[in-house]
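Structure first, commentary second.
Every read-out reported here was derived from the displayed coordinates using simple, explicitly stated rules and does not represent laboratory data. Values in this document were obtained by computation on a predicted structure and should not be read as measured data. Cβ: placed from backbone, ideal geometry, glycine included. Neighbour counts: every protein chain shown.
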Amino acid sequence: MPPSPTPFPVRAGLLLLAAGGTALVAVAADAFTRFDWDGDGRVTAAELNLPAAFARYDLDGDGVITRAEYDRAAAPGSTAPAAQAALRRLDRDGDGRISRAEAGDAPWFALADRNGDGVIDAAERSSLQALAARAGRSAEAGLADPGISAAELAGLATDPGLPRPGELGIGRQVPDVTFTDLAGRSHRLSDWRGTTGVVVAVTSATCPVSKRYLPSLAALEPELRAQGIGLVLVNPFASEARGEIRAQLADHAFTAPYVHEAERALTGALGARSTTEVFLLDAARTLVYRGALDDQYDLVRNLPAPRQPHLRRAVAALLRGEPPSVTATTAPGCDLNAAPAAAAAAPLAVTYHRDVARILQQHCVSCHQPDGVAPFALDSLAAVRDRARVISRVVEERSMPPWFAAPPPPGTPSPWAHDRSLPERDRADLLAWLTSADRPEGDPRDAPLPRRAPTGWTIGQPDLVVPLSRAYAIPAGGVMPYQFDVVTTTLTEDRWVTAYEILPSARDVVHHVLVNVHAPGRPVRDHEEGATGYWAVYVPGNGAHTYPEGFARRLPAGARVSFQIHYTPSGRAVRERLQLGLVFAKAPPRYEVRTLPIPDRDLRIPPGAAHHVETASRRLPHDLPLLSLMAHLHVRGKSFRFELLPPEGAPEVLLDLPQYDFNWQLRYELRQPRLLLRGSTVRVTAVFDNSPANPANPDPTRTVRWGPQTSDEMLIGYLEYFVPVAPRDPPAGG
């Protein structure tokens, strides 16, 4: 079984500092090619980023190490004296031992100091030599051929483009419908005949994009008033609570009428399609513009400020007496139901109470419930009917329920535990009901028993709760940089953790969280993604995990816990302080769970590239029992694939994510752990879309490289695996 992987800088340091020459000689034959990342037959200072080690092998001092130079420097007569000299230089006081201070707190020190007494003595030099040998054998292989054709992934890009204005009513008169606002006052669109015009903005108390746009609409109202243009807010969801709507309005200084529709008279007359759609009508009720307010927000995009102020440009054109240059765009909110067909279809055999409620309860309601992680509940007939259009769309395109692994071949069972994809029979019945004319209710007596929504911890009361060191102030809008928080635990002995849960205090502003655990004396640094694995992870709907019996993660005594948090403003300023809950094992486990990253830190995605391929790979020096896989890219990520390249035979796909979604960075757990054989290589391949057609792209004009923010990019494939717990290892139980 594999030991814990040794990070690259640690391995290089061990190769330099091994106490005997035999370890270096044993690995020299293949270590050169493993440091030669680009395979050009030369090792540069960037590839071996350790000045002392580089100088040791660059015999002619020309800034590159050739294979001949490496072989000469690694020869038996050359290696041992150099390594021994390096140890003598570290032993500054000449006492025959190396202290942590003398080693400069190097990462390899704790690995060599087997008894933990703070010094490396003569007896521990053999351990240092063994670590050096292991470091050389486990060095990563160079980058491999991506192996994905453009034709294979050509159909994955979605370019919604601009709708055709003539098909959306641009230039036509909107009927003079009557509607009533929350205060009980009646209005007609003709009430604004004596003004320059009116803007009708569709909104919602629950749609996340609508909530983000409320501050923008509040700021827009006085601006429109000064230009002689009215504003009407309309909520087309009869199922939304008026108390929630009034509370939301109280946060903003609106004076405009707010219409909460039951019959959809106003939005039906406009043909509204989305909760963030805005309509600009002139004084004669001619539709001048419809679409997005601007391009600041959508389901994945949060820009600091709009780049395309669509509505303001249309208003400026109206004031000039000119048609806008852009008269229609798509709007990024939640889809609305279309007007019902004139001719009713025959009633369906599928009914809400008997069939649909159960399908939703099984696959959707765990998130779509009051105070759940989803933006709205789907636990009533009224709510489901209100959102039939958006539900049918996401079910049809298979983006909900969130599950992005490519389906197995027909007739083959899914290899994944907790597969969230919708079974074909459920999918067919749900779509048939959603797209029917009457959406039959059926007999209420056939309804399933209600499920009680979990409150608080879903893993039970934790044995230890680790909160963030402080609460973070999340603004109402814009972009918030990633936050990095470190908390020191007070445990006096090691513990084994069998379950964890990351519980936000404000779910709608927490996009994802990566947690790592650091033993005492180990450095804790921000922006180390890819250098280490993760210890725990949170994405909406996937913030808790319980390991199988006999498996656990180690939590060392006195450990520090680091949190990297991606906050996304939701339209209302809040303070957020999430917590990590831990459940301890009652007895030592058989296996310790660990995570191994495969990163590509040398990303370079050209401007405008719609299909840019990057790869990274890692050779396995030992058999590795695989538990799960997880991919990490940012908003330009288009697809991701894990492949296994065995020592003999053809490559095999371990996990294919043909449509990567930044919002749902799921952990794909195998039903049966898989043994990856020694000598195999795991290759990860990602495709990026840095083109203007990518609606989430922050800036298609820049060359994108590795970086921590969403506007940068990453490529990391995580392998979760396990190792046996040695008899000397078990800490105290819970």
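A few remarks follow.
- For the range 557-571, the residues whose backbone nitrogen is under 17 Å from a point 7 Å from the Cα of Arg100, taken along Cα to Cβ, are 557-561.
- Length released on extending from Ala417 to Arg671, taking residue separation times 0.36 nm less the Cα-Cα span: 91.0 nm
- Loop-located trypsin sites (Lys or Arg not before Pro) in the range 435-464 (DSSP state other than H, G, I, E, B) with a sparse environment of at most 12 neighbouring Cβ atoms within 10 Å: Arg451, Arg452.
- Extension gain from Trp457 to Glu167, taking 0.36 nm per residue of separation minus the Cα-Cα distance: 99.4 nm
- A Förster radius of 45 Å combined with the Cβ-Cβ distance from Ala432 to Glu493 puts the calculated FRET efficiency at roughly 0.20.
- Other-chain or far-sequence residues with amide H under 5 Å of Thr488's (modelled H): Val561
- Across the range 496-538, no residue has a backbone nitrogen under 14 Å from the label position 7 Å along the beta-carbon direction of Ala250.
- Remark: the range 561-571, residue by residue, has Karplus-estimated 3J(HN,Hα) of 10, 10, 10, 9, 10, 9, 8, 10, x, 10, x Hz, where x stands for each Gly or Pro and the curve is 6.51 cos²θ - 1.76 cosθ + 1.60 at θ = phi - 60°.
- Per-pair calculated FRET efficiency, R0 = 22 Å: Arg242 and Val177 via Cβ, rounded to 0.05: 0.55
- Scanning residues 5 or more positions from Leu719 or on other chains, those with amide H under 5 Å from its amide H are Leu596, Ile598, with H placed 1.01 Å from N in the peptide plane.
- Equivalent ellipsoid semi-axes, the range 502-651, via Cα gyration tensor eigenvalues times 5, rooted, Å: 28, 26, 15
- Cα-based Kirkwood hydrodynamic radius, the range 352-446, one decimal, Å: 14.1 Å
- The packing ranking, built from the mean of other Cβ atoms within 10 Å per residue, places the peptides 705-717, 296-308, 682-694 in the order 682-694, 705-717, 296-308, highest first.
- Whole-Hz Karplus values for the range 381-398 come out as 4, 4, 5, 5, 4, 4, 10, 4, 5, 5, 5, 5, 5, 6, 6, 4, 7, 6 Hz, taken residue by residue from phi with 6.51 cos²θ - 1.76 cosθ + 1.60 and θ = phi - 60°; glycine and proline positions read x.
- The phi torsions of the range 196-202, fed into the Karplus equation with coefficients 6.51, -1.76 and 1.60 and a -60° offset, translate into couplings of 6, x, 8, 9, 9, 10, 7 Hz, rounded to whole numbers, with Gly and Pro shown as x.
- Protection proxy ranking, highest mean first, for peptides 174-185, 554-565: 554-565, 174-185, where packing is the per-residue count of other beta-carbon atoms within 10 Å, averaged.
- Part-to-part distance (alpha-carbon centres) for the range 251-322 and the range 505-563, which is given in Å: 42 Å
- Using the Cβ-Cβ distance between Ala471 and Ala693 with R0 set to 22 Å, the FRET efficiency from 1/(1 + (r/R0)^6) comes to roughly 0.05.
- Most tightly packed first, judged by the mean number of other beta-carbon atoms within 10 Å of their residues, the peptides 236-243, 211-218 read 211-218, 236-243.
- In a simple Cβ point-charge model (Lys, Arg +1; Asp, Glu -1; nothing else charged), the range 611-709 has a dipole of about 220 debye relative to its Cα centre.
- Cα-Cα pairs of the range 249-388 separated by more than 18 Å (percent): 70 percent
- Pair Ser186, Arg307: separation of 7 Å Cα→Cβ label points (nm): 4.8 nm
- Amide H contacts of Leu464 (H built 1.01 Å from N, under 5 Å, at least 5 apart or other chain): Leu582
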